[in-house]
Amino acid sequence: MTENKKNPGKSMTGSEILVQTLVDLGVTKVFGYPGGKVIGLYDVLDRTPGIQGILFRHEQGATHAADGFARATGMPGIVIVTSGPGATNTVTGIATAYMDSIPIIVFTGQVPSAMIGNDAFQEADIIGITRPVTKHSYLAQDPGQIGQIVREAYHIAITGRPGPVLIDLPSDVLAASGEHHPNEHVMIRGYNPTYKGHSQQINKAADMLNTARRPLIYAGGGVNIGLASEEITEIANRGQIPVTTTLLGLGAFPEDNPLSVGMVGMHGTWYANMAMMECDVLMCVGARFDDRVTGRLNHFSPNSKKIHIDIDPSCIAKNVAVDIPIVGHVKKVLPDIVKKIKPANTKEWLEQINCWKNEHPLKYSKRGEEILPEYVVEKVAEMTNHQAIVVTDVGQNQMWAAQYYGFKRPRQILSSGGLGTMGYGLPAALGAAIGCPDETVVCFTGDGGFQMNIQELTTAVQNKIPLKIVLLNNGYLGMVRQWQELFFERRYAMTVLSDGNPNFMKLAEGYGAVGLQAQKLSDVEDVIKEGLKIKRLPVVMEFIICPEENVFPMVPAGASLDEMLENGK
Amino acid sequence: MRHILSVIFENKFNAIPRISGLFSGRGYNMNSMSFGEGEDPETTRATITSEGDDQIIEQIAKQLNKLVDVIKVVELTYEPFVERELALVKVQSSASTRAEIMQVADIFRAKIIDLSHKTITIEVTGKEDKVNAIIEMLQQFGIREIARTGIVALKREFQK
Ligand SMILES: Cc1ncc(C[n+]2csc(CCOP(=O)(O)OP(=O)(O)O)c2C)c(N)n1
Ligand SMILES: [Mg+2]
C-alpha cells in the first residue's frame, strides 16, 4: 500500500510528510504545546515556510483555540501536542468540538510503537480515551501512511456532519522515513455522507409550508456551518414565515429582520418559545431537538407537523417524531425548497407573534448606578455595530450575550452549546482572532470561567492579539447561583467567588494586557470606548455587575416551553 | 423484542472497540456480538443481537452506519433469515449418567467432542432456543463450563 514499486515517492521522515501534507492542504496555523514525543515534529514545523505554530499555555487552550478558529473560518483547526498528559489535556476541547460538530484535527505524540501497552513514561491510550468524542481516529503505524491519514482526517473532519479527528503518532513512526505520495485520492468505503435531499420529500415539505397557517422555522448550528442563511432568509421572506434559532444558530437569520423571533429554549425569548408551542408546521433545519431547546419532551410543540432537515440521519427521529425527514446538506436541500415556496397568508400568525413580542419583550430593569450585564452587552453591540465576532464562555454571561447582542451574520457567535464548557471563551476567541485577523473579536466571560483558562492571556499578549475581553464580574458562579436562588432556597453552596477573586486589573497588568474597570453605570460607555480603541494588545474590560442579576426568561429543567419564569416568581 | 443486526465493516485499527463502545456509551442493550472475516478479506461481519423497540434499533443502526469504518448495516429482524449459534457445554458425568447424557445429546443432534472420567463436552449448533433447550436439559447433570459463540445470521434467499 505504502510502497509503490512503479512510482516510488520521495523519501521523507514521518514528521516531514505530516507537515508537508498540512501545507498542501492549505493549513497555515497550528495550535499546540510541545513535549518529548513531538520535539522532532515541531522542529520540522518550525523550519517549514508557510505554516506557523502558535504556543498556547495549556493543551486545553490550544484545542479550544483550534475549535474557535474552525468556527470562525470554516477551516479545520489543527492541534499538535505531546503524549500522555499533553494528550489527555485535549480531551475537554475535543469533546466540546464533538458536541457542536466542529472540525478539528488533533495530533498527539505517542510512545514508540514497541513500547505501546507497557505503561511507558507518558503513555496514555488516547485513542481509547477519546473514542466516544471523536468522529474518527487513527494510529499511524508506518511513516509512509501518514500523508494519506492526514488527507483522510481532513476530509472526514470537514465533510458530512463535521467533527474532531484524532491522529496518534508514535515517536518512532515520526522519526522513520517513508515514501511521500502527495497526490493519492481519498476513498473511504464506509464513508459517504448524503448531500442531496430526497426530491419527493422536499416537495412535500414545501407543500406543507405553503399550506400552513402558523409555520415556524427553527434553525440550528447546521445552518451556520453549512452557510445556508441566505436560503433560510429567502424562504422566510417569501413565505412570511417567522424564524427562531438555537444558541448555535444565532446569526443564521438576522435578528433585525421583523420575522426573527430570536433564540428558543431554556433562556430563549418568550415569543420564540410560545411560537414553538403554538405553530402548526415546524421546519427544523440543522438542529437536533436538544433538551435545552425542547423543554419537557412529551409536551413539546404538540400541535405541529414537523419537517426535519439534517445531514446526520441519526439526529432525525432521535428525540422527536417527525413527519417529513430529509437527510441532506442544508446548502443542497434549501435551494430546492426556496424555489417552491409561495407567498402564504400568515398574517394572523405574525400578528399573534407581534402581540407576544409587545407583551413579553426581553427586558431588564435598571437599578440606580448598579451595572446590569444586559446593558453592557447592548452597549458593546451598539459600539461594535453588531458586527463583532462574539465568543462567549459558559454561564449567565453566555446567555446575556446570546440574548442581547443582536446577531446579524452567520458564524458570528462562538459558544460551547452542547457541552457547556467553562473556560472555552478566552482560548476560542484567540483562535477566532488568529483566523480572522481583520475582525473585532469580543469575548464575554464570567469571573469563574475566565479563570479556567486565564493562562492564555499570555498567548494573546505574546502574539499581539487585540482581543476585547468583557468580564462580567458578579462575584458568583452566577448560573449555578441562579438555580440555587430559584430552586434551593438561596443556599449558595460552593458558588461564592467574591471572597477569593483575584484583582483582575493587576492580573491583566501582570500578563502585560490592558485592564479597564467599570464600577458604576456611568463608567460603562467610557470603558468600552477606550477598550475598543486598543491595538496590538488584549484588553480586559471588567464590569462589576449587580451580583444577583438573573437570566430570564427561564424554562426550568423538566418544564414545558410555555412554563417560563419571567422573573423570580 | 429481539433484533438481529448484521454489520459489515472494514477491519481497520480500532474498528471493533468503536462498534462495541457505541453500545456501552449510548446505553444500548446488546445480547450477543460475534465477529468474523467477511466474504471480502478486508471486511469483517459482526452479527449483533439486541433487545429494544423499533425506534431504539433504528437509532442503533443509524449510529453504527455513522461510524467511518462501517460499510453496511442490515437489520434482519423483518426479513426471512437463517441463524445459528454454536455452544460447547462441559457436563459432569460418571459411569452411571454417561449414557443418559449421550442420549440427550443425540436427541438434539449434538456431538460429543471430548470425554474424560468426570466430564463430557458436547458441541451443539442451532437456533438460540435450541441451544438454550439443551443447556436446560443438561443442567440436571451439573454443567461445569459453557462457551457460546453468539448468533450468526444471514438473509434467507430461498422464498416460496
Ligand atoms: C468546566 C465546567 N465546570 C462546571 C460547569 C457548571 N457551570 C455552569 S455555569 C457555571 C457558573 C459560571 O460562573 P461564571 O464563569 O462566573 O459565569 P456567570 O454565570 O457568573 O456569568 C458553572 C459552575 C461548567 N459548565 N463547566
Ligand atoms: Mg460569575
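Just so you know, all these numbers are worked out from the coordinates, no wet-lab data involved. Please read these numbers as outputs of a predicted model, since none were measured by experiment. Neighbour counts run over all protein chains shown; Cβ positions are idealised from the backbone, glycine included.
Across peptide B:63-73, the mean count of Cβ atoms from other chains lying within 10 Å of each residue's own Cβ comes to 5.
Divided by 2.2 N^0.38 Å, where N counts the residues, the Cα radius of gyration of the protein assembly as shown comes to 1.09.
Here's the picture: charge each Lys and Arg Cβ at +1 and each Asp and Glu Cβ at -1 in the stretch A:10-180, and of A:THR88, A:GLY77, A:GLY40 the one pushed furthest to the positive end of that dipole is A:GLY77. For B:GLY38, the residues whose amide H sits under 5 Å from its own are B:THR43, B:THR44, B:ARG45, ignoring neighbours fewer than 5 places away on the same chain, with H placed 1.01 Å from N. Taking 23 Å as the limit for the C-alpha separation, the pairs A:LYS357/A:LYS520; B:LYS90/B:LYS127; A:LYS331/A:LYS379 exceed it in the case of A:LYS357/A:LYS520; A:LYS331/A:LYS379. When only alpha carbons are used to place a centre, the stretch A:10-46 and the stretch A:90-128 end up 17 Å from one another.
Contact order for chain A, expressed relative to its length and based on alpha carbon pairs under 8 Å spaced 6+ residues apart, stands at 14 percent. Based on Cα contacts under 8 Å between residues 6+ apart, chain B shows a relative contact order of 27 percent.
The angle between the Cα long axis of helix B:15-25 and the main principal axis of chain B comes to about 90°, on a 0 to 90 degree scale.
Here the stretch A:216-296 has an Rg and Dmax of 11.1, 32 Å, counting Cα atoms alone. Considering only the Cα atoms of the stretch B:2-75, their convex hull presents on average a projected area of 4.3 nm².
Pairs of Cα atoms in the stretch B:56-160 fall into 5 Å distance bins, from 0 up to the last occupied one, in shares of 2, 11, 19, 17, 12, 10, 9, 9, 7, 4, 1, 0 percent. Projecting the Cα atoms of B:ALA15, A:HIS386, A:GLY197 onto the dipole axis of the protein assembly as shown, where Lys and Arg carry +1 and Asp and Glu carry -1 at the beta carbon, places A:GLY197 farthest toward the positive end.
Once C-alpha pairs closer than 8 Å and six or more residues apart are averaged by separation and normalised to the residue number of the stretch A:373-544, the relative contact order reads 22 percent.
Would you kindly calculate the translational diffusion coefficient of the stretch A:373-544, applying Stokes-Einstein with the Kirkwood radius from alpha carbon pairs, for 4 °C and a viscosity of 1.567 mPa s, and quote it in µm² s⁻¹ without decimals? Don't jump to the answer; show the numbers that get you there.
Details: Rh = 15.9 Å.
The Stokes-Einstein estimate is 81 µm²/s.
With everything on Cα atoms, drop me the angle between helix A:524-533 and the longest principal axis of chain A, reported from 0 to 90° to the nearest 10. Tilt of helix A:524-533: around 30 degrees.
If you average the C-alpha positions of the stretch A:510-566 and of the stretch A:308-380 separately, how far apart do those two centres end up, in angstrom? Between the Cα centres of the stretch A:510-566 and the stretch A:308-380 lies a distance of 25 Å. Think of it as helices only: each DSSP H run of n ≥ 4 in the protein assembly as shown is worth -39500 (n - 2.57), and spread over all residues that comes to -10000 deg cm²/dmol at 222 nm. Sorting A:CYS546, A:CYS355 by the number of Cβ atoms found within 10 Å of their own Cβ, with the fewest placed first, yields A:CYS355, A:CYS546. Projecting the Cα atoms of A:LEU209, A:GLY448, A:PRO112 onto the charge dipole of the protein assembly as shown, computed from C-beta unit charges around the Cα centre, puts A:LEU209 farthest toward the positive end. Cross-linked pairs B:LYS12/B:LYS66; A:LYS37/A:LYS464; A:LYS135/B:LYS12; A:LYS318/A:LYS339; A:LYS196/A:LYS340; A:LYS306/A:LYS347: Cα-Cα separations exceed 19 Å for A:LYS37/A:LYS464; A:LYS318/A:LYS339; A:LYS306/A:LYS347.
What angle do you read, to the nearest 10 degrees and between 0 and 90, between the alpha-carbon axis of helix A:229-239 and the longest principal axis of chain A? Helix A:229-239 sits at roughly 30 degrees to that axis.
Phi angles of the stretch A:290-300 translate, via the Karplus equation with coefficients 6.51, -1.76, 1.60 and θ = phi - 60°, into HN-Hα couplings of 5, 5, 6, 9, 8, x, 4, 5, 6, 10, 8 Hz per residue; Gly and Pro are given as x.
When A:ASP168, A:ASP499 are arranged by Cβ crowding within 10 Å, least crowded first, meaning fewest neighbours, the order is A:ASP499, A:ASP168. Taking every residue in A:190-197 and counting other chain Cβ atoms within 10 Å of its Cβ, the average works out to 3. For the segment A:134-140, counting C-beta atoms of other chains within 10 Å of every residue's C-beta and taking the mean gives 3. Counting neighbouring Cβ atoms within 10 Å and putting the fewest first, the residues A:PHE488, A:PHE444 line up as A:PHE488, A:PHE444. Of the trypsin sites (Lys or Arg not before Pro) found in the stretch A:315-372, the ones in coil according to DSSP and having at most 12 other Cβ atoms within 10 Å of their Cβ are A:LYS363, A:LYS366, A:ARG367.
The spacing between the stretch A:158-185 and the stretch A:253-291, judged by their C-alpha centroids, is 41 Å.
Summing Cβ point charges (Lys, Arg +1; Asp, Glu -1) relative to the Cα centre of the stretch A:507-553 gives a dipole of roughly 340 debye. What the phi angles of the stretch A:368-375 give under the Karplus curve with 6.51, -1.76 and 1.60, with θ = phi - 60°, is a coupling list of x, 8, 5, 8, 9, x, 4, 5 Hz, glycine and proline written as x.
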